[in-house]
Amino acid sequence: MALLAIDTTGSDCSVALRVAGQPDLCRSDPIGRGHAEYLAPMIARLLEEAGLKAGQITRIGVMTGPGSFAGSRVGVAFARGLAFAIDAQAVGIGNLAVLAQAARISGPLAVLHDAKRGDIILQVWAGGIATKPELLPVAGVATRIRELAGDTGHLAGSGAALIDLPQFTDLALTTIDLPALLDLAECADIAQAPPLPFYARPPDAKLPGGRQP
């Protein structure tokens, strides 16, 4: 398998490549904006470094969010378009799942994304089971974590610093780990991991008459 991974959900433009029997190649550039223009040349350079053609990629894993609204759309659209063009599989991997994978914690783990406007997106791993991500006001997150994970555990993600849970250890883990993304993309069930963007909330833009786009 030649596996390509893409993350454009934040300020970095990140790509990674895994080929059986070779070390992973991971690249991340802090570009801020302009992912749509930067991504294709970045992947081309990575493939050249690995001595591969695009057509040799068998699976593409793309980060779906939550994160930047525009960035999430860019990454997913590119992954789907490239997969179609080269007849590869495309799978979508959530940001919170990647942080959980990178944490390597066996006990209860709550991953929190700061969704701004006083909200947090929460996903909890406990007993080998992951809850579905849910959008909650900051004030209600600590109680919800105790309901799902018990009284002790670990925290990760950009929203962890916003809540007060003294019995939980903040791992200070907020950045995407590309090897963890590759791991999840490699083992993902294509039927259960569609490459679709995950948004914290619907877009603010409205069509005439107040309709959502």
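The values are calculated or read from the model by the stated rules, or taken from the named source; none is laboratory data. Quantities reported herein were computed from a predicted structural model and do not represent experimental measurements. Every residue, glycine as well, gets a Cβ built from its backbone with ideal geometry; the counts of neighbours run over all protein chains shown. Ligands, DNA and RNA are excluded from the accessible area calculation, which covers all protein heavy atoms including side chains. Shrake-Rupley method; radii C 1.70, N 1.55, O 1.52, S 1.80 Å.
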*When PRO137 is evaluated against the numbered criteria (1) more than 30 Å from LEU17 (Cβ to Cβ); (2) modelled with pLDDT under 95, which criterion, by number, is the only one it fails?*
(2)
*Quick one: count up the residues across region 54-82 that are open to solvent by 10 Å² or more (accessible area, probe 1.4 Å), of a type in the set (Gly, Ala, Ser) and touching a residue at least 60 places away in the same chain (Cβ under 8 Å).*
1
_Which count do you get for residues in region 114-137 that are aromatic (Phe, Trp, Tyr) and either over 12 Å from LEU96 (Cα atoms) or not in a strand (DSSP E or B) (or both)?_
0
*asked:* Go through region 24-53 and report how many residues are surrounded by 16 or more Cβ atoms within 10 Å (Cβ to Cβ), within 30 Å of ASP119 (Cα to Cα) and of a type outside the set (A, V, I, L, M).
replied: 2
*When residues of region 127-173 are filtered for being within 24 Å of PHE198 (Cα to Cα), open to solvent by less than 30 Å² (accessible area, probe 1.4 Å) and in contact (Cβ under 8 Å) with a residue 24 or more places away in the chain, how many remain?*
9
*Output the number of residues of region 174-187 satisfying the condition of being open to solvent by less than 20 Å² (accessible area, probe 1.4 Å) and closer than 17 Å to TRP125 by Cβ.*
2
